[in-house]
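Accompanying notes for the structure given below.
The values are calculated or read from the model by the stated rules, or taken from the named source; none is laboratory data. What you see is a predicted model, and the numbers here were worked out from it, not measured in a lab. Glycine also receives a Cβ, built like all others from the backbone with ideal geometry; neighbour counts cover every protein chain displayed. Heavy atoms of the whole protein, side chains included, go into the accessibility calculation; ligands, DNA and RNA do not. Shrake-Rupley method; radii C 1.70, N 1.55, O 1.52, S 1.80 Å.
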Amino acid sequence: KPINPEQTVCMNCGVANKPVAGSDAKSKLAAGLLGIFLGGFGVHNFYLGYTTKAVIQLVCTIVGYLTSCIGIGVLVVLGITVWGLVEGIMILCGKIDVDGQGMPLAD
């Protein structure tokens, strides 16, 4: 019988269906502060294990800095920085509450 992903406990065997934060859980505070202060470089996403998103943020920021002399780069850097800031706030507010492996963030 398939397991309903909305259930917290398997009705067949009684095993917890949702992971719980363990001692190796990533810190919500650390991730949020990294997002607020270094979000433009994707540091918080590297920390949480969202590597693809982190690389996109880092590359866009670098390209933005390199092209800032023609004007468009400033807008790119500003956009990526706001993206990181918003994600940092979302992490601290609990809207983003799992790392890249689906493990809950520790308080």
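How many residues, within the stretch 63-75, are in a helix (DSSP H, G or I) and surrounded by fewer than 18 Cβ atoms within 10 Å (Cβ to Cβ)?
Residues of the stretch 63-75 in a helix (DSSP H, G or I): 63-66, 68-70, 72-75.
Of the ones still in play, those that are also surrounded by fewer than 18 Cβ atoms within 10 Å (Cβ to Cβ) are 63, 65-66, 68-70, 72, 74-75.
Here the count works out to 9.
State yes or no: is A30 modelled with pLDDT of 70 or more, over 26 Å from V63 (Cβ atoms) and not in a strand (DSSP E or B)?
On the way: modelled with pLDDT of 70 or more: yes; over 26 Å from V63 (Cβ atoms): yes; not in a strand (DSSP E or B): yes.
Spelling it out, A30 is indeed modelled with pLDDT of 70 or more, over 26 Å from V63 (Cβ atoms) and not in a strand (DSSP E or B).
State whether one or more residues within the stretch 41-49 are polar (S, T, N, Q), open to solvent by 30 Å² or more (accessible area, probe 1.4 Å) and in contact with a helix residue (DSSP H, G or I) (Cβ under 7 Å, 6 or more places away or on another chain).
No, because not a single residue in the stretch 41-49 is polar (S, T, N, Q), open to solvent by 30 Å² or more (accessible area, probe 1.4 Å) and in contact with a helix residue (DSSP H, G or I) (Cβ under 7 Å, 6 or more places away or on another chain).
Please identify the pairs in which a residue from the stretch 29-54 that is in contact (Cβ under 8 Å) with a residue 60 or more places away in the chain has its Cβ atom under 6 Å from the Cβ atom of a residue that is buried (at least 20 other Cβ atoms within 10 Å of the Cβ) and assigned to a helix (DSSP H, G or I), counting only partners at least 6 apart or on another chain.
Matching pairs, first to second residue: A31/H44; A31/L48; A31/I91; G32/G88; G32/I91.
Pick from the stretch 90-102 the residues that are assigned to a helix (DSSP H, G or I) and within 18 Å of F46 (Cβ to Cβ): which of them is least open to solvent (accessible area, probe 1.4 Å)?
Among residues in the stretch 90-102 that are assigned to a helix (DSSP H, G or I) and within 18 Å of F46 (Cβ to Cβ), the one least open to solvent (accessible area, probe 1.4 Å) is I91.
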